[in-house]
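Colleague: Pasting a structure here, questions to come.
The values are calculated or read from the model by the stated rules, or taken from the named source; none is laboratory data. What you see is a predicted model, and the numbers here were worked out from it, not measured in a lab. FYI the Cβ positions are ideal-geometry reconstructions off the backbone, even for glycines, and counts take in every protein chain you see. Surface areas here come from the heavy atoms of the whole protein model, side chains and all, with no ligands, DNA or RNA. Shrake-Rupley method; radii C 1.70, N 1.55, O 1.52, S 1.80 Å.
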Amino acid sequence: MKEKRYDYLIVGAGLFGSVFAHEMTKRNKKCLVIDKRDHLGGNVYCEQKEGMNIHKYGAHIFHTNDKKIWDYVNQFAIFNNYINSPLSLSKGKLYNLPFNMNTFYQLWGTKTPTEAKKIIDKQIQEYGVESPKNLEEQALSLVGKDIYETFIKEYTEKQWGKKATELPAFIIKRLPVRFTYDNNYFNDRYQGIPVGGYNTIIDGLLRDIETRVGVDFFESREELESLADKVVYTGKIDEFFEYKYGQLEYRSLRFEHELHDMNNYQGNAVVNYNDTSYPYTRIIEHKHFEFGKQDKTIITKEYPENWNKDKEAYYPINNDKNQTIFKKYREESKLYENYIFGGRLAEYRYYDMHQIIGSSLAKVGEISKDK
């Protein structure tokens, strides 16, 4: 029998695969990391242009309450003190996010928490329902009519490509409302952007590990599987099983990057565009993530799109139909003893960066415990 050259073949060079490879290499395991794209890093990959780090696949802002995860990423990069404070453009007026006392003042002119609470509670009583059957009813029951119509309705319909009344209520489990003048979008204790971009972290994780880009696992599956004792698969789980139980659904995104001959386009890293009169949901100005002083600036317009097999899969559509299909794939995946399935596509769930790192570390911990 042909001797295996690697202990692990990792399919996908995003955060899950990169953390896994790093940790297993520390445990004297030999890893090979491959990726279909022409670069490492998955969706956190940054392109360098005009002296700026461009988040190629949308804004990535690291945040966590877990000190172990924070300490872990700080091994590979120095983080700046960027605080995410997005703005929202609705009906020609700018508002602060998340919903807080600044937002309520801009919306109603209220100056105290009591005044704002009174308006919200009154609108919940008027428009809310006890058992919301769709997203619109759920939002009205959580925050009332004004916040829903100003910030949620049109933005959500663009994001998902469906009317709010056609979307399931569970998409909005809660809507954080703050009765303080605080524009920090995240409640997490630790937050920032790695100085030099996210490639710094990926390069640190994969240093001295063999990697190959531009490699499609499915085009050379048997050959690649023969190289390693075990395979870590981070791609789409339905594709792995050749869609035998049906195709899982996603929402996709399209990014348009624009170079502007000015030093400041919008004065903020992230501005949401709520109205359906704009086809994009937000504009990102990358230099503000790292407090750049360059003479030029690069912005990215983010367009939600219907997904097909030729597009990148970003957001799983976790409705009952798709969850039923996914459970069949998940059960069958347990029969593949030489495979480890991990990451947002293989697990059909949306992960933040700190969650994907935690998931990968937990998987390594489970394997190490079994040895």
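Colleague: Express the relative contact order of region 83-194 as a whole percentage, based on alpha carbon pairs under 8 Å and six or more residues apart in sequence. Intermediate values should be presented prior to the final figure.
Modeller: Values: 155 pairs, mean separation 38.2, N = 112.
The value is 34 percent.
Colleague: Once the piece of chain linking Leu175 and Lys328 is laid out straight, how much longer is it, given 0.36 nm per residue of separation minus the C-alpha distance between them?
Modeller: Working: separation 153, 0.36 × 153 = 55.08 nm, distance 3.18 nm.
Contour length minus Cα-Cα distance gives 51.9 nm.
Colleague: Which value in Å does the Kirkwood hydrodynamic radius of region 240-325 take, with 1/r averaged over all unlike C-alpha pairs and then inverted?
Modeller: Mean inverse Cα-Cα distance, inverted, gives 15.3 Å.
Colleague: Can you give the three extents of the C-alpha atoms in region 96-180 along their principal axes, from longest to shortest, in whole Å?
Modeller: The Cα atoms of region 96-180 stretch 36, 26, 17 Å along the principal axes, largest first.
Colleague: Order the following by accessible area, largest value first: Arg5, Arg344. Probe radius 1.4 Å; ligands, DNA and RNA are ignored. Numbers along the way, then the final one.
Modeller: Working: Arg5 125, Arg344 55 Å².
Ranked from most to least accessible, the order is Arg5, Arg344.
Colleague: Can you tell me the FRET efficiency between Glu305 and Lys91 if r is taken as the Cβ-Cβ distance and R0 is 25 Å, rounded to the nearest 0.05?
Modeller: Computed FRET efficiency for Glu305 and Lys91: 0.55.
Colleague: Another question, if that's okay. Quick check: pseudo-label points 7 Å beyond the Cα along Cα→Cβ at Phe218 and Lys111, how many nm apart are they?
Modeller: 6.2
Colleague: Put a dot 7 Å past each Cα toward the Cβ at Asn187 and Asn134; how far apart are the dots in nm?
Modeller: Placing both labels 7 Å along Cα→Cβ, they lie 3.0 nm apart.
Colleague: In addition: Counting pairs of alpha carbon atoms under 8 Å apart in space and at least six apart in sequence, what relative contact order in percent does region 98-164 give? List each step's numbers first, then the result.
Modeller: Numbers: 57 pairs, mean separation 14.7, N = 67.
Value for region 98-164: 22 percent.
Colleague: So how much accessible area does Val215 have, in Å² to the nearest 10, using a 1.4 Å probe?
Modeller: 40
Colleague: Order 293-300, 145-152 from most to least packed using the mean count of other Cβ atoms within 10 Å.
Modeller: Working: 293-300: 16.1, 145-152: 20.4.
In decreasing order of mean packing, 293-300, 145-152 become 145-152, 293-300.
Colleague: May I pose another question? Can you give me the orientation-averaged projected area of the convex hull built on the Cα atoms of the chain, in nm²?
Modeller: Details: hull surface 81.4 nm².
With every direction weighted equally, the projected area is 20.4 nm².
Colleague: Here's a follow-up. Roughly what % of DSSP beta bridges within the chain run antiparallel, to the nearest 5? Present the calculation step by step, with values, prior to reporting the outcome.
Modeller: Details: 31 of 50 bridges.
Roughly 60 percent of the DSSP beta bridges within the chain come out antiparallel.
Colleague: Arrange the residues Lys36, Lys49 by how much accessible surface each exposes, largest first, with a 1.4 angstrom probe. Walk me through the numbers on the way to the answer.
Modeller: Working: Lys36 140, Lys49 85 Å².
The residues order as Lys36, Lys49, largest area first.
Colleague: Which value, in debye to the nearest 20, describes the size of the charge dipole of region 1-103 about its Cα centre when Lys and Arg Cβ atoms bear +1, Asp and Glu Cβ atoms bear -1, and nothing else is charged?
Modeller: Values: 15 positive and 9 negative charges, 54 e Å.
My answer is approximately 260 debye.
Colleague: With labels modelled as points extended 7 Å from the Cα through the Cβ direction, what inter-label distance (nm, one decimal) is found for Ser368 paired with Gln75?
Modeller: For the pair Ser368/Gln75, the computed spacing is 0.9 nm.
Colleague: Over the chain, calculate the relative contact order: mean separation of alpha carbon pairs under 8 Å at least 6 apart, over the residue count, as a percent. Walk me through the numbers on the way to the answer.
Modeller: Details: 689 pairs, mean separation 92.5, N = 371.
Normalised by residue count, the contact order of the chain is 25 percent.
Colleague: Sort region 41-104 into rounded, prolate or oblate with this rule: let a ≥ b ≥ c be the square roots of the eigenvalues of the Cα gyration tensor; rounded if a/c is under 1.5, and if a/c is not under 1.5, prolate when a/b is larger than b/c, oblate otherwise.
Modeller: Details: a/c = 2.82, a/b = 1.46, b/c = 1.93.
It comes out oblate by the Cα gyration axes.
Colleague: Another question about this same structure. Rounded to the nearest 0.05, what FRET efficiency do Tyr243 and Asp275 have when you use their Cβ-Cβ distance and R0 = 41 Å?
Modeller: Working: r = 37 Å, r/R0 = 0.90.
Result of the calculation: an efficiency of 0.65.
Colleague: Compute the Rg to Rh ratio over region 92-235 from the alpha carbon atoms, using the Kirkwood formula for Rh, and round to two decimal places.
Modeller: On the way: Rg = 23.1 Å, Rh = 19.4 Å.
Checking Rg against Rh, the ratio lands at 1.19.
Colleague: Probe radius 1.4 Å, ligands and nucleic acids left out: which of Asp203, Asp35 has the largest accessible area, and how do the rest follow? Present the calculation step by step, with values, prior to reporting the outcome.
Modeller: Numbers: Asp203 85, Asp35 20 Å².
I get Asp203, Asp35, largest accessible area first.
Colleague: Assign unit charges at the C-beta atoms only (+1 for Lys and Arg, -1 for Asp and Glu), then state the dipole size of the chain relative to its Cα centre in Debye, rounded to the nearest 20. Working shown, then result.
Modeller: Details: 54 positive and 54 negative charges, 144 e Å.
For this selection, approximately 680 debye.
Colleague: Have a look at Leu142, Leu175, Leu206 and tell me which one the Gaussian network model of the chain (Cα, springs below 10 Å) gives the largest fluctuation.
Modeller: So, out of Leu142, Leu175, Leu206, the one fluctuating most is Leu175.
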